[in-house]
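None of the figures in this text is laboratory data; all of them are computed from the coordinates on show. A quick note: this is a predicted structure, and the numbers were derived from the prediction, not measured. Here the Cβ positions follow ideal geometry from the backbone for every residue, glycine too, while neighbour counts run over all protein chains shown.
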């Protein structure tokens, strides 16, 4: 029997999208409804017009309800806002009195104690915790321990990564949902959700970077040795490329978006020096124009390279020299831009491919996978927290600790 269906809401800069799905007994995500509408009132992942944003949320929810043929009463809010950051912390717990010449076995109380210490991360008042992600334990000089229960030692340590966001941005999105009106169950980091949809256990161990390029923001999540090592976001995305084209070529935004998708590329090719592109007329008074392909692609290349370089710089800062043996996976609407994968491979110097959600049923086509990665991952996230258990075991406690909560 599948777990109860989850409705996921993403209020993006380009699109407001709702996906309803459930995780079946075979762990396959079954998509049973999608609703989306053009986003208004959002810029760079933040709200600039509440009324417009509320209308868009209502429209997307209504479309999903019609698609599903059932009402939606609550949603899981996927958020980024280009303000997410990661902070590492370490919890230390003494198992014995230093004066005692003896060892002590680690029990559940010791684990709970050290985890609680590691979770106490000091954040400024304008930041809010989204997730607390556990890494390895260490018992004295024994490192990379996954379960220390029963091991003997003098000191127990655990490393944590706290993903936190801009409090005002998260709260404002919550209020938009409340005013829709609909219940907001929780807020989750979109970068983590995208990774949960496309990354396998083998890739997590080998080292893999997931880059989710949206309209106004770009999120990234880095795995290595089975755990998240770095994460964050920037308020730069596909809409910035469109704006650059509009300004650089002096054409309307609508035509800039069209030419970006149809003829644009993230790679420049000097062989295109003599190749021209015809931009059609628009109803706003634009009479059409001919531009050089190399000019268009140079504009796109500059912004896309900046996006990848921003991610690379943060990765190098947070955890330098971490190998990416499984390469880079691109998700989000911006991943479909021609040449994006090749440019990513050039910047990161590792193979770069589209990150496609695995074990998913119900998407219109497999090529749409990268676009819906964060929504599929959010459904998996909700299911991981809501699995029925007869007794709250120690393993269940660790699971709760691992995923954390936005209410901390």
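Here are some notes:
- The range 304-351-the range 55-73 distance, computed between alpha-carbon centres (Å): 35 Å
- Taking every alpha-carbon pair in the range 238-299 and binning the separations at 5 Å intervals from zero gives 4, 20, 34, 25, 14, 4, 1 percent.
- Relative contact order [Cα under 8 Å, 6+ residues apart], the range 238-299, whole percent: 34 percent
- Angle of helix 167-178 to the longest C-alpha principal axis of the chain, folded into 0 to 90 degrees and rounded to 10: 70°.
- Exposure proxy ranking, count of Cβ atoms within 10 Å, fewest first, for 145, 75: 145, 75
- Exposure proxy order (Cβ contacts within 10 Å, fewest to most) of 160, 290, 142: 290, 142, 160
- Ordered from longest to shortest, the equivalent ellipsoid semi-axes for the range 72-149 are 34, 15, 12 Å, each the square root of 5 times a Cα gyration tensor eigenvalue.
- Secondary-structure-derived ellipticity at 222 nm for the chain, considering helices only, amounts to -11000 deg cm²/dmol, per-run term -39500 (n - 2.57) for DSSP H runs with n ≥ 4.
- Degrees separating the helix 238-249 axis from the principal Cα axis of the chain, which is the longest one: 30 degrees
- Volume per residue of the convex hull around the Cα atoms, evaluated for the chain, comes out as 149 Å³.
- Mean Cβ count within 10 Å, highest first, over the residues of peptides 248-257, 169-178, 299-308: 299-308, 169-178, 248-257
- For the range 313-387, diffusion coefficient by Stokes-Einstein and Kirkwood Rh (Cα), 4 °C, 1.567 mPa s, µm²/s: 92 µm²/s
- 0 to 90° range, to nearest 10: angle between helix 253-263 axis and the chain longest Cα axis: 80 degrees
- Computed over the chain: relative contact order in percent, which uses C-alpha pairs under 8 Å that are six or more apart: 19 percent
- Cβ-based exposure ranking for 122, 39, 80, in which fewest neighbours within 10 Å come first: 122, 39, 80
- Applying 0.36 nm per residue to the separation of residue 103 and residue 141 and subtracting their alpha-carbon distance, the gain on full extension is 12.3 nm.
- Pairwise label distance in nanometres, residue 70 with residue 295, each label 7 Å out on the Cα-Cβ vector: 5.4 nm
- For the peptides 229-236, 214-221, the ranking by packing is 214-221, 229-236, with the highest mean count of neighbouring Cβ atoms within 10 Å listed first.
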